[in-house]
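Structure record follows, encoded as C-alpha cells.
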C-alpha cells in the first residue's frame, strides 16, 4: 500500500465519478508519479488511454506472463478460469485471442 500525497488525493477526487474510488486513487498516483497503471477495469483503462496515462490491462499482463516465460500458457489459462469463477471475470473472444496469439519470431 502506498499513501497518497495531498496533490494525488485532490486529483483522485477530480476524476470522473464513473470510476470507482480505488481506481481513481490508483490513476492519480500513477499519473503524478509517472508510473504505469496495471488494471483490469475497462473504464479505468479507457480513461488512461484517452488522457495519456500509461496503462497496462489484464490481457496484456497475462500475455506477458507466458511470452516472457514467467509461466506457461496453460498456467495462464488456469488463472483465467479461476478468475472467471472467483471474480466473475469476463474476457471477450478477441481478448482471449490477443492473450494466446502465437509469438512472433525474433530475427
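The values are calculated or read from the model by the stated rules, or taken from the named source; none is laboratory data. These numbers come from a predicted model, not from an experiment. Heads up, the Cβs are rebuilt from the backbone with ideal geometry, glycines too, and the neighbour counts pull from every protein chain shown.
Take segment 17-28 and flag every residue that is surrounded by 11 or more Cβ atoms within 10 Å (Cβ to Cβ) and in contact with a helix residue (DSSP H, G or I) (Cβ under 7 Å, 6 or more places away or on another chain).
The initial filter retains those residues of segment 17-28 that are surrounded by 11 or more Cβ atoms within 10 Å (Cβ to Cβ), namely 19-28.
Scanning segment 17-28 gives 19, 23, 24, 25, 27, 28.
Filter segment 1-33 down to the residues that are more than 16 Å from residue 52 (Cα to Cα) and part of a loop (DSSP other than H, G, I, E, B) and list them by number.
1, 2, 3, 4, 5, 17, 18, 19, 20
Go through segment 47-58 and report how many residues are assigned to a helix (DSSP H, G or I), modelled with pLDDT of 95 or more and buried (at least 18 other Cβ atoms within 10 Å of the Cβ).
Going through segment 47-58 one residue at a time, the tally reaches 2.
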